[in-house]
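Contents: one structure, followed by commentary.
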Amino acid sequence: MLRASPYKTRLPPPEACLPGRDRPLPVPERHAVLGTPLAAPPPTGMAEAWFALGCFWGAEKRFWSLPGVYSTAVGYAGGHTPNPYYEEVCSGLTAHAEAVRVVYDPARIDYPSLLRVFWTAHDPTQGMRQGNDVGTQYRSVVFVHDAEQRRAAEASRAHYQRRLSAAGYGPITTTIEPARVFYFAEPVHQQYLAKHPWGYCGLGGTGVPYEDEEERS
């Protein structure tokens, strides 16, 4: 049984985190919707992006539905516990966020387009929560793989902050962090809403568009 955590809404230091395990959790070979490899390295010509934006069930669906996305998977990133179980992440004692790994074809959809979906799919001003989902695992993070992704993420955050501020929202709490290790979640969580169409999804955006009509034209 997991012990009570004092870190539900603040990140624990490494020494307070659960030890985890050496062996990765098993994952399905194929994506339940797209039919593509789930955990394999991106094929030649493909790129990879990781995002955390609240409950990963709904977040993953937002990305697998996009033209140009080759594969998606849900997992845990940004913390200290290796190969954690879902219950361990929910305890607050891993420092991980629920994250989505997106493998995409840059010739069909570019990274800034993925960022636009990221910002508008959730409320990035809520800190350690999304709506009724409260905890450090629901925090908003862009995990970047290189300097180009970092520049794009920082520019998009500044842009959307201006849009949100104009609409009366407070400061964005999203962090931009290096993409280090992605721990794949248990099979039951992969493409969850495809397997359970009426399943819970607490994800909701602010309703503030990333661009106005003049910017889109």
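Here, each number is a calculation from the coordinates, and none is a lab measurement. Everything numeric here is computed off the predicted structure, so don't read it as measured data. When we count neighbours, we look across all protein chains shown, and the Cβ atoms used for this are built from the backbone with ideal geometry, even at glycine.
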(request) Using only Cα atoms, locate the centre of segment 148-192 and the centre of segment 15-40, then give the distance between them in Å, rounded to an integer. (result) 21 Å
(request) Compute the whole-percent fraction of alpha carbon pairs in segment 121-217 spaced more than 16 Å apart. (result) 67 percent
(request) Work out the charge dipole of the chain with +1 on the Cβ of Lys and Arg and -1 on the Cβ of Asp and Glu about the Cα centre, then indicate which of G79, P209, L38 is farthest towards its positive end. (result) G79
(message) Could you tell me the ratio Rg/Rh of the chain? Both radii from Cα atoms, Rh via Kirkwood.
(response) 0.95
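Quote the relative contact order of the chain in percent (integer), defining contacts as alpha-carbon pairs under 8 Å separated by 6+ residues.
On the way: 447 pairs, mean separation 62.1, N = 217.
Dividing the mean separation by the residue count of the chain yields 29 percent.
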(request) Quick one: divide the alpha-carbon radius of gyration of segment 96-141 by 2.2 N^0.38 Å and tell me what you get. (result) 1.32
(message) Stokes-Einstein diffusion coefficient for segment 1-41 at 25 °C in a medium of 0.890 mPa s, Rh from the Kirkwood formula over Cα pairs: what value in µm²/s?
(response) 178 µm²/s
(message) For a Förster distance of 22 Å, can you work out the FRET efficiency between the beta-carbons of R151 and T44, rounded to the nearest 0.05?
(response) 0.35
(request) Could you give me the radius of gyration and the Dmax of segment 57-154, taking only the C-alpha atoms into account and expressing both in angstrom? (result) 13.8, 40
(request) For N83 and S165, calculate 0.36 nm times their separation in residues minus their Cα-Cα distance, and state this gained length in nm to one decimal. (result) 25.7 nm
(request) Can you find, among G92, S140, V181, the residue farthest towards the positive end of the dipole of segment 27-193? Put +1 on the C-beta of Lys and Arg, -1 on that of Asp and Glu. (result) S140
(request) Would you kindly derive the ³J(HN,Hα) couplings of segment 58-73 from the backbone phi angles with the Karplus curve 6.51 cos²θ - 1.76 cosθ + 1.60 (θ = phi - 60°), listing them in order in whole Hz, with x for Gly and Pro? (result) x, 4, 4, 4, 4, 8, 5, 7, 7, x, x, 7, 8, 7, 9, 7
(request) Using the Cα centre as the reference, give the magnitude of the dipole from point charges on the C-beta atoms of the chain (Lys, Arg: +1; Asp, Glu: -1; all else neutral), rounded to the nearest 20 debye. (result) 360 debye
